[in-house]
Amino acid sequence: MKRVAIIGGGGWGTALSIALSAMGHSIRLWVYEPELVPAINQERCNPLYLSGFSIPERVVATDSLAFALEEAEIVVTALPANRCRPIYQQMLPYLRPEALLVSATKGIESTSLQRMSEVMEQVISSCFRPRIAAISGPTFAKEVARGDPTAIVVAGPDPIVNREVQTEFSGRSLRFYTNTDIIGVELGGAVKNVIAIAAGACAGTGLGWNSVAAVVTRGLAEMTRLVVACGGRTETMAGLAGMGDLVLTCHGELSRNRRVGFQLGKGCGLADITAGMRAVAEGVPATAAILKLAERHGVEMPIAEQVNLMLHHRKKPRDAARDLMERRLREE
C-alpha cells in the first residue's frame, strides 16, 4: 500500500480518494476551501462537490500542501487546468524526487497552450527530473465514487512509471491500461470537452440523434488531426482517452460540458450558465486555447470553431449547425 497525496478536492479528486482508499492506500486530500477540512474529516462528506457519498476514514483532508505531500509516494493532481501552474509551484518545496506525479486534469493551459504534464515538467525540472504520468478516460466522478467498473488509461514516456501506477491503482472497480502516448491521451481528454459542448447544443436545440452522431464522429476526426499534428498517435484516439471519453462526455447527463452546450441550445448566455456552476467545465476555457494550438499546427477544426462562436460571440446553435452543413464538400 502507498502513501498517496491527492491535490484537489473537487468531485474528481474526492472520487479518486474514495476509490483508492478502498484499495488500502493511505490518502491525504488537499482541498482549496478550508471549510471542507472539517466536513471531510469529521462528517466524512464533501458537500460542495460530491454530496451523497461517504468518505472513508483512510482519507485525511487538509488545506496544507506541506502536510498533504509529507512522505507522499504518489501525488495525483486533480485541479482545473488554468490553476495547475501556481499550485505546482507551491508544491515544489515539498515534493520527493522519487515520487510518482500523476496528472488527472483534462485540459490545456490557456496562456502557454501546454498540456498539464508539460506544465508540471517545466515547473518541477528546475529542481529535479520528475517521474510523470497522466490518467484519462471515460470517468464520471459520481460513478467512480459509487464503485462502478471503470476503465482508465495511464500514459507517460516511462513505461516503468506507467506500470507502477497501473499496479497500484487497479482494483475491483478501476482497471488501468498503459500507453506511452501521453500527447494523445492528454489532448484527447482536453478536446473531447469542446466536442461535448457541441453535442449538448444539438440536444438543447432539439436536434436528433443523427446530428449528435455527426458531431461525435466528425469531432473525433478533429481530435485525431490535432493529436497527430502535435506528435501523438492515431490509434490512441480509438481508445479510452479518445473515443471512450468522447462518447461518455457527449451523451452522459453527468457531463458538465454537455450541460453547458445544452443550455446554449436553450438560448442561455455563457455568463448565466457558468454563474450557476461551482465546478469548472473545462471545455469553456479550453476552446479558444485549442483553436490557437490548431492554428499553430495548421489543423482545421470547424466544430471547435463553431463552439467558440457560440460560447463567446452568442452565435445561435442552429446557425452554427447550418454553417457546418454548408461547408465545402469533401471526402471523409
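The values are calculated or read from the model by the stated rules, or taken from the named source; none is laboratory data. The structure presented is a predicted model; accordingly, all values stated were derived computationally and were not measured. Virtual Cβ from ideal backbone geometry, glycine too; neighbours counted across all protein chains shown.
Quick look at the numbers
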item	result
Among residues of segment 264-293, those that are small (Gly, Ala, Ser) and closer than 15 Å to Lys192 by Cβ, counted	4
Where a residue in segment 108-120 is at positive phi and its partner, wherever it lies, is among the charged types (D, E, K, R) and not in a loop (DSSP other than H, G, I, E, B), with Cβ under 6 Å and at least six apart	Leu113/Lys292
Odd one out for Leu246, checked against (1) over 20 Å from Asn82 (Cβ atoms); (2) part of a loop (DSSP other than H, G, I, E, B); (3) under 13 Å from the mean Cα position of the chain (by Cα)	(2)
Segment 276-328 - residue that is touching a Pro at 6+ places or on another chain (Cβ under 7 Å) and in a helix (DSSP H, G or I) and, of those, nearest to Gly261 (Cα to Cα)	Met310
Residue satisfying condition, being within 25 Å of Arg318 (Cα to Cα), small (Gly, Ala, Ser) and surrounded by 24 or more Cβ atoms within 10 Å (Cβ to Cβ), within set Ala214, Ala221, Ala201	Ala201
Filter pass, Glu331 being part of a loop (DSSP other than H, G, I, E, B) and acidic (Asp, Glu)	yes
All positions within segment 272-304 that are among the charged types (D, E, K, R), touching a residue at least 40 places away in the same chain (Cβ under 8 Å) and surrounded by fewer than 19 Cβ atoms within 10 Å (Cβ to Cβ)	Arg278, Lys292, Arg296, Glu300
Where a residue in segment 198-223 is within 13 Å of Asn257 (Cβ to Cβ) and assigned by TED's automatic domain parsing to the domain that holds Lys316 and its partner, wherever it lies, is among the aromatic types (Phe, Trp, Tyr) and assigned to a helix (DSSP H, G or I), with Cβ under 6 Å and at least six apart	Gly200/Phe262; Ala203/Phe262; Gly204/Phe262
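Conditions tested, residue by residue: (1) over 24 Å from Ser17 (Cα atoms); (2) assigned to a helix (DSSP H, G or I); (3) modelled with pLDDT of 95 or more; (4) aliphatic (A, V, I, L, M).
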residue: Thr167; (1), (2), (3), (4): no, yes, yes, no
residue: Phe176; (1), (2), (3), (4): no, no, yes, no
residue: Glu186; (1), (2), (3), (4): no, yes, yes, no
residue: Ala190; (1), (2), (3), (4): no, yes, yes, yes
residue: Ile195; (1), (2), (3), (4): yes, yes, yes, yes
residue: Ala198; (1), (2), (3), (4): yes, yes, yes, yes
residue: Val215; (1), (2), (3), (4): yes, yes, yes, yes
residue: Arg218; (1), (2), (3), (4): yes, yes, yes, no
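Results for (1) buried (at least 20 other Cβ atoms within 10 Å of the Cβ); (2) touching a residue at least 60 places away in the same chain (Cβ under 8 Å), shown as yes or no for each residue.
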site	(1), (2)
Ala241	yes, yes
Thr249	yes, yes
Gly252	no, yes
Gln306	yes, yes
Lys316	no, no
